[in-house]
Amino acid sequence: MSDKDFFEIKRDSTSPSLVRELLDGEGNPLPMSEAANVYFSMGTPEGLTQIYRGACEILPDGRVKYDWQPGDTSITARFEGEFIVEWSRGEEQYVPSNGFVVIQIGRNIRPRAVTVA
């Protein structure tokens, strides 16, 4: 697995953003100047959808950026992510074309309520 296939963040974090260069099935960069919109979706292998079509920003260098929203990283788990490119000519393309970007949300130390008897 390359670093392009894996992203790690702690629970409840909204930074750093997920930034990726989107590649076709042969490893060539997609022509993002021809994209109308890009979205990010993330879920578990068991079918729990955590994010569905969250809007991404197309950066000037052709990479895409998803800014985590409050609640996106609230569950400690290993997720599978994918980008959906809506081309200006009306087609959709799911990236990566084979497999997923693995998103590992790690635990953090959060205060717990303590009951004193």
A correct Stokes-Einstein calculation for the range 5-60, using the alpha-carbon Kirkwood radius, 10 °C and 1.306 mPa s, returns a whole-number D in µm² s⁻¹ of 118
Among D61, D24, D12, determine the one that fluctuates most according to a GNM of the chain built with springs between C-alpha atoms less than 10 Å apart.
D61
For the chain, percent of DSSP beta bridges that are antiparallel (nearest 5) comes out at 85
Over the range 69-112, with a single point scatterer placed on each C-alpha, what log10 of the ratio I(q)/I(0) does the Debye formula yield at q = 0.19, 0.24, 0.32 1/Å?
-0.73, -0.90, -1.10
Regarding the chain, what whole-number volume in Å³ per residue does the convex hull of its Cα atoms give?
123
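Coordinate-derived values only; no laboratory data. Please read all numbers here as calculations on a predicted model, not as lab measurements.
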